[in-house]
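Scroll down for the structure; my scribbles are underneath it.
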């Protein structure tokens, strides 16, 4: 019998598969399949879902139905519907569709920033400022997150100075972002580095320190999430089946697998609010919408340990 995980959670696991995952595969998931996938995630207890990216359809045809998906997802009570926006135009479209949280990618690597959004990091801080102003005018209840991309290194630039990362996060908060998290966009991070940077981030921006967005490119995704948790981080991005990566960062494969992340924390006694059996069952509509697309995850492959019961 599945556990009742709805009453309390110690951390927030933010599911980014419907955006980060889908924009990274060549196939386009039909809109009705996106709806069924979102329904299954909500049924499993997921409380925050990044459902779309508001970019031109010619650049990311996988996101052509972004407004429609947001309008569907916000019907679910108790779930924060999040959208990625690269600029002011995207932010306005997302807000008008009803998105409840906006996330803006601000890269600490100049080369990645230019490749990803065709703007410098400093330009993106001004974009944060403009979006915050628009948000205050149109929908003051919507939260704005500035995710610092390539915070741990970049395949284009190489080493990204830690001082640059922290300074950029602080600039984004000063420009109006409610929170600023750190993203291991290309899977370069290690646990010691994660602890060090999140410790500095929390010292610099306090309660405005945001999520840990880790990739499993070199097998360190879960270890890095654990390191972030030990530094006080309580929001973690992950993707069902490990879908995802960055199309503008060569070699950036694989988000942390939601199913494995939930199991790790639940096995530790850290409550996620997500039902393990139901989150693994959510792979069914995902596979139906993307037939033949490989899905990853050790926990779904191995199953739950004998005698394991979720609190």
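Within the range 285-300, restricting attention to residues that are over 21 Å from the mean Cα position of the chain (by Cα) and modelled with pLDDT of 95 or more, which residue is surrounded by the most Cβ atoms within 10 Å (Cβ to Cβ)?
Here the residue is 288.
If you take the residues of the range 165-205 that are over 20 Å from residue 142 (Cα atoms) and out of contact with any helix residue (DSSP H, G or I) (no Cβ under 8 Å at 6 or more places or on another chain), which of them is modelled with the lowest pLDDT?
Ranking the qualifying residues of the range 165-205, first place goes to 186.
Would you tally the residues in the range 253-275 being more than 19 Å from the chain's Cα centre (by Cα), part of a helix (DSSP H, G or I) and touching a residue at least 12 places away in the same chain (Cβ under 8 Å)?
2
Does the range 211-219 contain at least one residue that is in a helix (DSSP H, G or I), out of contact with any helix residue (DSSP H, G or I) (no Cβ under 6 Å at 6 or more places or on another chain) and either crowded, with 21+ Cβ neighbours inside 10 Å or modelled with pLDDT under 95 (or both)?
So far as the range 211-219 goes, no, none of its residues is in a helix (DSSP H, G or I), out of contact with any helix residue (DSSP H, G or I) (no Cβ under 6 Å at 6 or more places or on another chain) and either crowded, with 21+ Cβ neighbours inside 10 Å or modelled with pLDDT under 95 (or both).
For the structure I just gave you, tell me whether residue 85 is within 20 Å of the chain's Cα centre (by Cα) and either more than 29 Å from residue 279 (Cα to Cα) or surrounded by fewer than 23 Cβ atoms within 10 Å (Cβ to Cβ) (or both).
no
Out of all the residues in the range 20-37, which are under 12 Å from residue 60 (Cβ atoms) and either modelled with pLDDT of 95 or more or outside any loop (DSSP other than H, G, I, E, B) (or both)?
Within the range 20-37, 20, 22, 23, 24, 28 meet the criteria.
Could you run through the range 59-82 and say how many residues are modelled with pLDDT of 95 or more, more than 17 Å from the chain's Cα centre (by Cα) and part of a loop (DSSP other than H, G, I, E, B)?
Summing the residues that are modelled with pLDDT of 95 or more, more than 17 Å from the chain's Cα centre (by Cα) and part of a loop (DSSP other than H, G, I, E, B) in the range 59-82 gives 7.
For the range 158-190, which residues satisfy the criterion of being surrounded by fewer than 19 Cβ atoms within 10 Å (Cβ to Cβ) and more than 19 Å from residue 128 (Cβ to Cβ)?
At the first step, the residues of the range 158-190 found to be surrounded by fewer than 19 Cβ atoms within 10 Å (Cβ to Cβ) are 158-159, 161-164, 167, 170, 174, 176, 178, 190.
Matches in the range 158-190: 158, 159, 161, 162, 163, 190.
Can you tell me which residue in the range 32-48 is surrounded by the most Cβ atoms within 10 Å (Cβ to Cβ), limited to those that are in contact with a helix residue (DSSP H, G or I) (Cβ under 6 Å, 6 or more places away or on another chain) and free of Cβ contacts under 8 Å to residues at least 40 places away in the same chain?
Going through the qualifying residues, I end up with 38.
The values are calculated or read from the model by the stated rules, or taken from the named source; none is laboratory data. Keep in mind it's a predicted model, so treat the numbers as computed, not measured. FYI the Cβ positions are ideal-geometry reconstructions off the backbone, even for glycines, and counts take in every protein chain you see.
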